[in-house]
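Asks: Have a look at this one.
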Amino acid sequence: MAKEIDRTRANSALAVIKQHPGMVLFAVSPALIAVGVVWVVFGAGWAALLLIALVLAGGAAVLMKR
């Protein structure tokens, strides 16, 4: 079976995000601060690339954990 996120886990993750948005914001705040600093220092293009890299790295971490 391919490594994929099943529907139950995806629905559980969405439920946590809906019920505790503050906790999710706290968890991703270091990444948001890093993107903000890169935006100010290097510009929006580099910040967008960093954001894409962070999203891809997060997705890979979720898939590799399983």
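The values are calculated or read from the model by the stated rules, or taken from the named source; none is laboratory data. Since the structure is predicted, the reported quantities are computational estimates derived from the model, not experimental observations. Quick note on the areas: whole protein, heavy atoms, side chains included, nothing else; ligands and nucleic acids left out. Shrake-Rupley method; radii C 1.70, N 1.55, O 1.52, S 1.80 Å.
Asks: Jot down the per residue volume, in cubic angstrom and as a whole number, of the convex hull over the alpha-carbon atoms of the chain.
Replies: 97 Å³
Asks: Explain nothing, just compute: Karplus ³J(HN,Hα) = 6.51 cos²θ - 1.76 cosθ + 1.60, θ = phi - 60°, for every residue of region 14-21 in order, whole Hz, x for Gly and Pro.
Replies: Each residue's phi maps through the Karplus curve to give 5, 5, 5, 5, 5, 7, 10, x Hz.
Asks: Can you show me the helix-derived [θ] at 222 nm for the chain, built from DSSP H runs with n ≥ 4 at -39,500 (n - 2.57) apiece and divided by the number of residues, rounded to the nearest 500.
Replies: So the calculated ellipticity at 222 nm is -29500 deg cm²/dmol.
Asks: While we're looking at this one, here's another question. Using a probe radius of 1.4 Å on heavy atoms only, what accessible surface per residue do you get for the chain? Whole Å² is fine.
Replies: Using a 1.4 Å probe on heavy atoms only, each residue of the chain averages 84 Å².
Asks: Using the Karplus curve 6.51 cos²θ - 1.76 cosθ + 1.60 with θ = phi - 60°, what ³J(HN,Hα) values do you get for each residue of region 44-50, in whole Hz, with x for Gly and Pro?
Replies: Values per residue, Gly and Pro as x: 5, x, 5, 5, 5, 4, 5 Hz.
Asks: Also: Show me, for region 52-58, the HN-Hα J-couplings you get by feeding each phi into the Karplus relation (A = 6.51, B = -1.76, C = 1.60, θ = phi - 60°), rounded to Hz, glycine and proline as x.
Replies: Along region 52-58, the couplings run 4, 5, 5, 5, 5, 5, x Hz.
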